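What follows is a short report on a single structure.
Derivation of every value follows stated rules applied to the coordinates shown; laboratory data play no part. Because the structure is predicted, anything quoted here is derived from the model rather than measured. Cβ: placed from backbone, ideal geometry, glycine included. Neighbour counts: every protein chain shown.
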């Protein structure tokens, strides 16, 4: 038990000294053209993205959330969430993607690219 505690303390100290920590599993948020409302199934989503970070309900529809969160002590932290809402037939009903990663924001909305 003492050995596990020491290893955990070293890992946490390393993350603090590095100034960042991350949670979730990164995913390609700029390539979601494969996801189609009314066509893509839960099995398709699992095959492409793996297990969801969170599951929930929204107005009676099941939701899966894929999230990646990169926190920094110095500088901006970045997060992204893909929330998929399924209909009763287990097909994608709608999905929402939100990101604060600059390169992904620019890919989705070119007007956000810095002026040169």
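Tell me yes or no: at least one residue of segment 85-96 is over 19 Å from residue 33 (Cα atoms), in a strand (DSSP E or B) and without any contact (Cβ under 8 Å) to a residue 12 or more places away in the chain. No, every residue in segment 85-96 fails to be over 19 Å from residue 33 (Cα atoms), in a strand (DSSP E or B) and without any contact (Cβ under 8 Å) to a residue 12 or more places away in the chain. The set of residues in segment 36-79 that are surrounded by 16 or more Cβ atoms within 10 Å (Cβ to Cβ) and part of a loop (DSSP other than H, G, I, E, B) comprises 40, 52, 53.
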